[in-house]
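Novice: This is the structure I want to talk about, given as structure tokens.
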């Protein structure tokens, strides 16, 4: 769960959160109302969870793109398993 904080000289609430690499980041909610900021942050966190689980629209689009790419390469005679071995 993220922390809400107001930064110096800013009227807006910011989300403070920790990345997987241990670094902290901040993102403005662009609202001065704490209740509204909490709602926005909750929406962000729900979407981020969907992305992690592969259930978001973005994840679906990426998955479909990759599948189309591999299918196209396969039609051209490219062997996916051989390519993966080279990685």
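Novice: For residue 2, all conditions in the list (1) surrounded by 13 or more Cβ atoms within 10 Å (Cβ to Cβ); (2) free of Cβ contacts under 8 Å to residues at least 40 places away in the same chain hold save one; what is the number of the exception?
Specialist: (2) is the only condition that residue 2 fails.
Novice: Can I ask one more? If I go through region 5-27 residue by residue, how many of them are under 22 Å from residue 52 (Cα atoms) and surrounded by 12 or more Cβ atoms within 10 Å (Cβ to Cβ)?
Specialist: Of the residues in that region, 5 qualify.
Per-residue answers, yes or no, for (1) touching a helix residue (DSSP H, G or I) at 6+ places or on another chain (Cβ under 6 Å); (2) touching a residue at least 12 places away in the same chain (Cβ under 8 Å):
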| position | (1), (2) |
| --- | --- |
| 12 | no, yes |
| 15 | yes, yes |
| 35 | no, no |
| 46 | no, no |
| 60 | no, no |
| 65 | no, no |
| 71 | no, no |
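We did not get these values from a lab; they are worked out from the coordinates using the rules stated. Owing to the predicted nature of the structure, the values given are computational and were not obtained by experimental measurement. For neighbour counting, all protein chains shown are included, and Cβ atoms are generated from backbone atoms with ideal geometry for every residue, glycine included.
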